[in-house]
Amino acid sequence: MRIRELSQKTGASMRSLRYYETKQLLVAKRLENKYREYDESAIETVKTIQFYLSIGLNTDDIAQVLECPITSENRPLCKVAYELYKSKLSEVNKQLNILNKVKLQLQERISEFEKL
């Protein structure tokens, strides 16, 4: 399939797909006319990349995870993925703590206005 079709099937822009290719996350064959041609497995690869981007991994991290062996549940099984997940969870928990503090401060300020 060509890049436009892959874009339509995954919702990723053609620009993003080209970027994934430059980062070696996605592989395309080149036809004689220099057009990119992707096989059906590219759809799942792009969806996997999109998932990892949505949880905050960067493309360098994603490249490492894509190299991991995959379980029957389609999940990576390697120490790199485990460590990345733990690190990202720690970052999320720190951000949640900060947001909870901000929430409490805002609630206090609002309650001061409501007392007037």
**OP:** Please state which of the following conditions residue 48 fails to meet, knowing it meets all the rest: (1) surrounded by 10 or more Cβ atoms within 10 Å (Cβ to Cβ); (2) of a type outside the set (A, V, I, L, M); (3) outside any helix (DSSP H, G or I).
**Re:** (3)
Subject >> Residue selected from segment 22-36 under the condition at pLDDT 95 or above and within 18 Å of residue 9 (Cβ to Cβ), by the criterion farthest from the chain's Cα centre (by Cα) >> reply: 26
Original post:
Only one residue in 87, 16, 72 is outside any helix (DSSP H, G or I) and among the hydroxyl-bearing types (Ser, Thr, Tyr), so which one is that?
Top reply: 72
**OP:** Could you check, for segment 22-37, whether at least one of its residues is touching a residue at least 12 places away in the same chain (Cβ under 8 Å) and outside any loop (DSSP other than H, G, I, E, B)?
**Re:** yes
**OP:** With respect to residue 88, determine if the residue is more than 30 Å from residue 2 (Cβ to Cβ) and either polar (S, T, N, Q) or surrounded by 13 or more Cβ atoms within 10 Å (Cβ to Cβ) (or both).
**Re:** yes
Subject >> Checklist (1) hydrophobic (A, V, I, L, M, F, W, C); (2) more than 30 Å from residue 28 (Cβ to Cβ); (3) assigned by TED's automatic domain parsing to the domain that holds residue 28 applied to residue 104, failing item >> reply: (3)
**OP:** Report whether or not residue 111 is without any contact (Cβ under 8 Å) to a residue 60 or more places away in the chain, over 30 Å from residue 18 (Cα atoms), part of a helix (DSSP H, G or I) and under 18 Å from the mean Cα position of the chain (by Cα).
**Re:** no
Original post:
Taking the condition over 25 Å from residue 1 (Cα atoms), part of a loop (DSSP other than H, G, I, E, B) and either of a type outside the set (Phe, Trp, Tyr) or at pLDDT below 95 (or both), does residue 57 pass?
Top reply: yes
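The values are calculated or read from the model by the stated rules, or taken from the named source; none is laboratory data. Because the structure is predicted, anything quoted here is derived from the model rather than measured. Glycine gets a Cβ as well: all are built from the backbone with ideal geometry, and neighbour counts include every protein chain shown.
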